[in-house]
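Working notes, beginning with the structure itself.
The values are calculated or read from the model by the stated rules, or taken from the named source; none is laboratory data. Since the structure is predicted, the reported quantities are computational estimates derived from the model, not experimental observations. Because the Cβ atoms are built from the backbone with ideal geometry, glycine has one as well, and the counts that use them run over all protein chains shown. Quick note on the areas: whole protein, heavy atoms, side chains included, nothing else; ligands and nucleic acids left out. Shrake-Rupley method; radii C 1.70, N 1.55, O 1.52, S 1.80 Å.
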Amino acid sequence: MPEGDNLFRAATALHKALAGARVRDFRSDVPLLRRELDARPLAGKRIEKVEARGKHLLIRFEDGRSLRTHLRMRGAWHLYRSGEAWQRSERQARAAIETDTGFVAVCFNAPVVELTTDFDLRDLERLGPDATTDAFDPSESLRRMRARGELSIGEALLVQRAMAGVGNVIKAEALFLCGQDPFRRVSEVSDEQLARLIAESHRLLVANRESGPRTSRNALTGPRVWVYGRSGKPCLRCGTIIRMRRQGTMGRSTYYCPSCQG
Ligand SMILES: [Zn+2]
């Protein structure tokens, strides 16, 4: 697949090679993606289709999950035969999927590489204000979240039609930093509290825009995050044991400190 090919042609070529095959191996250097793959492996799962949606390339798996990549300027998908030498350095590979039919699809240098669900995909069509950009409009996101008063704030932060860009890590960290109980309903928190939560999410997203491991702490040593992935370990602020609970219709994991986030 020549570089510079447009997304649609890339999706068509990948679809021809991958659809119907099963994943033999799925590797990634993206920390969040790697954690998700460790928790729920994709090895053995069938690839249903590859498609371009807007600026996103989606690889859909039989279990309802999709790998979403946004290539921006520097990203590219390459297709190789198993064992064939890659045209770019392995260090630039963000994700590599090997199939049981002898193909390896490699995504190089994409700024967005994440597993998402069908539910999230519908939301891609009408995204809310993009909190990863400097031009982010927090008041519009607040208005859209208010319209979802019945949701818990942990769920509302992930609604991409309200605020685009927040994933599960940023959600958990922003809730911790704002001292908010993830399970409170949007209708139960004040405008001021909601605005602070939105501002904190925006700040973390901007701070983590460059590649590299996500972080919400400025500490030079110790964990990079306050609560995400730390269930069973002591809270870095108060020592209480961090917990994890599944939340919302999608059962997304929510890590929190029961004391700091009362
Ligand atoms: Zn705590």
Margin query: For the range 152-168, give me the residue count where each residue is modelled with pLDDT of 95 or more and outside any helix (DSSP H, G or I).
Written below: 2
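Mind telling me which of the residues Arg224, Arg237 ends up being within 16 Å of the ligand (Cβ to nearest atom) and surrounded by 13 or more Cβ atoms within 10 Å (Cβ to Cβ)?
On the way: Arg224 fails: within 16 Å of the ligand (Cβ to nearest atom).
Criteria check complete, one pass: Arg237.
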Next item on the list: Give me the pairs, please: first residue somewhere in the range 233-256 and over 21 Å from Gly149 (Cα atoms) and among the hydrophobic types (A, V, I, L, M, F, W, C), second residue anywhere and away from the ligand (no atom under 11 Å from the Cβ) and outside any loop (DSSP other than H, G, I, E, B), beta-carbon distance under 8 Å, and either six or more positions apart or on two chains.
Entry: Ile242/Tyr255; Met244/Ser253; Met244/Thr254; Met244/Tyr255
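Just one of Ala219, Ala199, Ala195 is out of contact with any strand residue (DSSP E or B) (no Cβ under 9 Å at 6 or more places or on another chain) and modelled with pLDDT under 95; which is it? Explain how you work it out, then say what you get.
Working: Ala199 fails: modelled with pLDDT under 95; Ala195 fails: modelled with pLDDT under 95.
It is Ala219.
Check Ala131, Ala110, Ala105, Ala93 and return the single one that is open to solvent by less than 20 Å² (accessible area, probe 1.4 Å), in contact with a Lys or Arg (Cβ under 7 Å, 6 or more places away or on another chain) and on the phi < 0 side of the Ramachandran plot.
On the way: Ala131 fails: in contact with a Lys or Arg (Cβ under 7 Å, 6 or more places away or on another chain); Ala105 fails: in contact with a Lys or Arg (Cβ under 7 Å, 6 or more places away or on another chain); Ala93 fails: in contact with a Lys or Arg (Cβ under 7 Å, 6 or more places away or on another chain).
After ruling out the rest, the residue left standing is Ala110.
Residues checked against (1) more than 16 Å from the ligand (Cβ to nearest atom); (2) in contact (Cβ under 8 Å) with a residue 60 or more places away in the chain; (3) not in a loop (DSSP other than H, G, I, E, B):
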residue: Ile170; (1), (2), (3): yes, no, yes
residue: Phe176; (1), (2), (3): no, yes, yes
residue: Gly179; (1), (2), (3): no, yes, no
residue: Ser231; (1), (2), (3): no, no, no
Note to self: Out of the residues in the range 241-257 meeting the condition of being open to solvent by less than 40 Å² (accessible area, probe 1.4 Å) and not small (Gly, Ala, Ser), tell me which one is nearest to the ligand (Cβ to nearest atom).
What the structure shows: Cys257
